Amino acid sequence: MQQRAINVILTGVTGTALAGMMVAGVAAASDDSAPKKQFLPQQAVAAQEHQAPKQLADKGAGGFTVPKAPVKAEADTKAGSKAEPKKAAKPVKKGPKALLSGKTTASYFWDDGSGVNGDTGAPAGGKPMQKGLFASPSWPMHTKVKVTYKGRSITGFVGDRGPGEPSHRGVMLDLDTYTFRYLLDGKKPESKYNAGSGEGHLKGVKWEVLSWGSGAGKKGKPQPFGS
């Protein structure tokens, strides 16, 4: 009986001791982990302090981020340094300078040897009747002449003689029908023989001799026919 009581007591003491040891072990384990829990925040603070100078380098006073100046790409810099050469403007071509110029009253004709309107035959200059063939009472055959009226111009040549008697009244040029009508209103004649405008003369036509022909005739101011 006494022995059983002693065993019970010892068993109770042992159980209590064991329970106490287990509690102490848990406490010890808790105490060992405590420093680790305190150390982790310190490491984070230390890491932040270690990174702070780098962050401040990217920020200005007051913690505001300082924008960095844009860096141009090397390709752009090279492209900008090699500017494309400007193409030289082409010079404007000017026509030949007039050797002689003046104004006169002009009539029109078309002499193709058909006999229409009293035609007497092919032009005296030896070239067939055509657009840009003019008649002069005195200039050398094949003289190059530019005529202008109301801003419109045609360049032709002397290929015939004329007008006849009207040249004594100041009509010093006979123009082909197409040139006459074009100078008048920019249109085409009704036919080769008829300008179709009702106008028989153009007053104040400007003429310019660009080059003298090598055919028969007289250089200089136009002279009336037969003079």
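The values are calculated or read from the model by the stated rules, or taken from the named source; none is laboratory data. Model, not experiment: these values are computed from the prediction. Glycine gets a Cβ as well: all are built from the backbone with ideal geometry, and neighbour counts include every protein chain shown. Note: accessible area is taken over every heavy atom of the protein model, side chains too, but ligands, DNA and RNA are not part of it. Shrake-Rupley method; radii C 1.70, N 1.55, O 1.52, S 1.80 Å.
Points to keep in mind about this one:
- Filter pass, Ser211 being open to solvent by 40 Å² or more (accessible area, probe 1.4 Å) and among the small types (Gly, Ala, Ser): yes
- Meets criteria (buried (at least 16 other Cβ atoms within 10 Å of the Cβ), aliphatic (A, V, I, L, M) and without any contact (Cβ under 8 Å) to a residue 60 or more places away in the chain) for Ala195: no
- First in segment 130-153 and on the phi > 0 side of the Ramachandran plot, second anywhere and crowded, with 17+ Cβ neighbours inside 10 Å and in a loop (DSSP other than H, G, I, E, B), Cβ under 8 Å, 6 or more apart: His142/Gly125; His142/Gly213
- Per the listing Trp110, Trp139, the residue uniquely crowded, with 17+ Cβ neighbours inside 10 Å and at pLDDT below 95 is Trp110.
- Checking Lys203, Lys127, Lys188, Lys146 one by one, the residue that is of a type outside the set (Phe, Trp, Tyr), within 18 Å of Ser101 (Cβ to Cβ) and either surrounded by fewer than 16 Cβ atoms within 10 Å (Cβ to Cβ) or at pLDDT below 95 (or both) is Lys203 and no other.
- The residue that is modelled with the lowest pLDDT, counting only those in segment 97-107 that are open to solvent by 70 Å² or more (accessible area, probe 1.4 Å) and assigned to a loop (DSSP other than H, G, I, E, B), is Lys97.
- Cβ-Cβ distances below 8 Å connect the following pairs, each with a first residue in segment 165-189 that is of a type in the set (Lys, Arg), a second residue that is open to solvent by 30 Å² or more (accessible area, probe 1.4 Å) and part of a helix (DSSP H, G or I), and a separation of six or more residues or different chains: Lys188/Tyr178; Lys188/Tyr182.
- When restricted to residues that are farther than 19 Å from Asp119 by Cβ and of a type outside the set (Ser, Thr, Tyr), segment 157-200 contains 13.
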